[in-house]
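The structure under discussion appears below in the form of structure tokens.
The values are calculated or read from the model by the stated rules, or taken from the named source; none is laboratory data. What you see is a predicted model; the values in this text were computed from it and never measured. Glycine gets a Cβ as well: all are built from the backbone with ideal geometry, and neighbour counts include every protein chain shown.
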Amino acid sequence: MDLIESPSAMTSWARDQARAGKIIALVPTMGAFHEGHLCLMRHAAGLADRVVVSLFVNPLQFGPREDLARYPRNLPRDLELAAGAKVDLVFAPAVDAMYPQGSLTRVQVAELTDTLCGARRPGHFDGVTTVVAKLFNIVGPQVAVFGRKDLQQLAVIRRLTLDLNWAVEIIGHPIVREADGLAMSSRNIYLTPAGRCSALALHRVINFARQRAATGEADAAALTAEVRARLLMDPAVRVDYVSIVHQHRLVATPILTRDSVLALAVFIGTTRLIDNGLLLTEE
Ligand code: PAF
């Protein structure tokens with residue numbers, strides 16, 4: 001497996017692959033790999049001739065009071081894990097290489113970024129779409145794989161790709177969960193053992209809501225209230241939002257449809273966790 005740190009060297013490598021007729025799949029990441037990332041990488045390997053994983057903790061998408069400084073970083077471990085997951089190349093640029101003159105430009109998707117996490121993390125999605133646009137330009141992939149845990153990110157990137165005519169197929173990979181249901185996340189390592197127990201409420205309420213939907217509850221407001229009440233039964237859980245929205249358009253679906261997804265964000269201590277689940281459709 002190769003490691004490239006310079007954007008121009010990355011583009012040369014990708015152009016050589018394109019000249020040789022190879023299809024490139026890109027898996028954009030911020031590192032701190034867990035089984036969820038490795039699943040995305042292995043899935044990408046089945047879709048393309050070459051898998052490129054970008055590993056870049058993007059400062060543009062962190063707010064001033066967020067965890068940029070303490071975000072977990074361990075390049076040697078990540079390289080070893082990626083090498084075992086059918087990855088051909090890791091692109092791991094330094095911040096100065098990605099933003100050599102700072103960054104005056106933002107790529108912004110309107111409306112879809114005003115809600116859910118976007119409403120709580122101003123500028124976050126502009127940082128995400130700006131770096132993803134740069135990665136698409138640098139790597140030139142035909143396929144890009146993102147996790148469905150970041151429901152809003154996936155919807156925003158799909159729209160970005162559509163609006164800017166990028167010939168990149170965006171693949172949403174199902175959420176990868178621990179055996180007890182906790183959605184895998186690089187931020188889970190911040191949880192104390194007690195906090196980790198509290199975090200299981202997310203998956204529990206998704207299952208509860210799916211069950212209520214399957215047995216006839218179609219009123220999103222009523223279901224949202226029930227889910228919120230269940231989450232608040234644990235005093236360690238602080239609810240950031242509980243919303244039922246259309247999985248792609250992210251607008252409220254007052255009466256459940258097959259596209260209705262329960263989207264959750266909670267704080268356990270200072271750790272913010274998100275999760276989601278379609279209510280009437282198998283994942
Ligand atoms: O999901 C992530 O890890 C990041 O938001 C992404 C897509 C790699 C952009 O920095």
From the set of residues in segment 23-82 that are among the basic types (K, R) and modelled with pLDDT under 95, which is nearest to the ligand (Cβ to nearest atom)?
R70
Residue check, P59 closer than 19 Å to N137 by Cα, crowded, with 18+ Cβ neighbours inside 10 Å and out of contact with any Phe, Trp or Tyr (no Cβ under 6 Å at 6 or more places or on another chain):
no
For residues that are within 9 Å of the ligand (Cβ to nearest atom) and either farther than 13 Å from W166 by Cα or hydroxyl-bearing (S, T, Y) (or both), tally how many sit in segment 131-147.
3
Run G36 past the list (1) touching a Lys or Arg at 6+ places or on another chain (Cβ under 9 Å); (2) over 26 Å from H124 (Cβ atoms) and report the number of the one that doesn't hold.
(2)
Scan segment 24-49 and report the pairs whose first residue is basic (K, R) and whose second residue is more than 10 Å from the ligand (Cβ to nearest atom), with Cβ atoms within less than 6 Å and a gap of 6+ or a chain change.
R42/A85; R42/K86
Output the number of residues of segment 48-94 satisfying the condition of being under 19 Å from R121 (Cβ atoms) and hydrophobic (A, V, I, L, M, F, W, C).
6
Checklist (1) buried (at least 21 other Cβ atoms within 10 Å of the Cβ); (2) within 16 Å of the chain's Cα centre (by Cα) applied to Y71, failing item
(1)
In segment 148-188, residue farthest from the ligand (Cβ to nearest atom) [restricted to those that are in contact with a Pro (Cβ under 8 Å, 6 or more places away or on another chain) and modelled with pLDDT of 95 or more]
V168
